[in-house]
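Report on the structure given below.
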Amino acid sequence: MDARANVSAARGIFGQLCPRCRAGRIFRSSIFRGFPKMHECCPVCGLKFEREEGYFLGAMYISYGLALIAITVVAGLLWAFTRWSIEKTVVRSVLLFVPLAPTLTLFSRVLWIYLDRSIDPE
Ligand SMILES: [Zn+2]
């Protein structure tokens, strides 16, 4: 596929593009606007995104790790400005994080597909 050479992995991940052709979109709409449905296969090259039942379990680990990092960063910033107690800071940063969770979940699916395809590209 010639199109792939023009798009880096980072741009493909950020643009939620198919890891094989980097032209077809993984989701039907932007993940920054709510919770979109995934395409079952790449609309351009036909790559099946969900390889098997429970394939996205791996994405949950990525999601968990990213969530921990995000909450830690938010808590650190919150504490730096407010000097609240640890409990108050952690509770508030988790609450601030909740609206970001769907985006993070979908983004970790994209990361998971890229990771899995780079290790085992069929
Ligand atoms: Zn494709």
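Observations on the structure shown:
- If you go through region 73-93 and keep only what is surrounded by fewer than 15 Cβ atoms within 10 Å (Cβ to Cβ) and in a helix (DSSP H, G or I), you end up with Val73, Gly76, Leu77, Ala80, Phe81, Thr82, Ile86, Glu87, Lys88, Val91.
- Note on region 5-52: residues that are within 8 Å of the ligand (Cβ to nearest atom), under 14 Å from the mean Cα position of the chain (by Cα), part of a loop (DSSP other than H, G, I, E, B) and more than 14 Å from Asp116 (Cβ to Cβ) amount to 0.
- Filter result for Ala70 (outside any loop (DSSP other than H, G, I, E, B), surrounded by fewer than 18 Cβ atoms within 10 Å (Cβ to Cβ) and either touching a Cys at 6+ places or on another chain (Cβ under 7 Å) or not aromatic (Phe, Trp, Tyr) (or both)): yes
- Leading residue by the ranking (surrounded by the fewest Cβ atoms within 10 Å (Cβ to Cβ)) among those in region 53-67 that are free of Cβ contacts under 8 Å to residues at least 12 places away in the same chain and not in a loop (DSSP other than H, G, I, E, B): Leu57
- For first residues located in region 31-44 and under 21 Å from Cys21 (Cα atoms), partners that are away from the ligand (no atom under 16 Å from the Cβ) and of a type in the set (A, V, I, L, M) and lie 6+ apart or on another chain with Cβ distances below 6 Å form the pairs Ile31/Leu106.
- Residue check, Ile119 closer than 30 Å to Arg22 by Cβ, without any contact (Cβ under 8 Å) to a residue 24 or more places away in the chain and exposed (fewer than 10 other Cβ atoms within 10 Å of the Cβ): yes
- Glu122 meets all of the listed conditions (1) closer than 21 Å to Ser8 by Cα; (2) within 18 Å of the chain's Cα centre (by Cα) but one, namely (2).
- Val98 satisfies every condition listed in (1) aliphatic (A, V, I, L, M); (2) modelled with pLDDT under 95; (3) under 13 Å from the mean Cα position of the chain (by Cα) except (3).
The values are calculated or read from the model by the stated rules, or taken from the named source; none is laboratory data. The model shown is predicted, which means the values in this text are computed figures rather than measured ones. Counting neighbours? That spans all protein chains shown, and the Cβs are built from the backbone with ideal geometry, glycine included.
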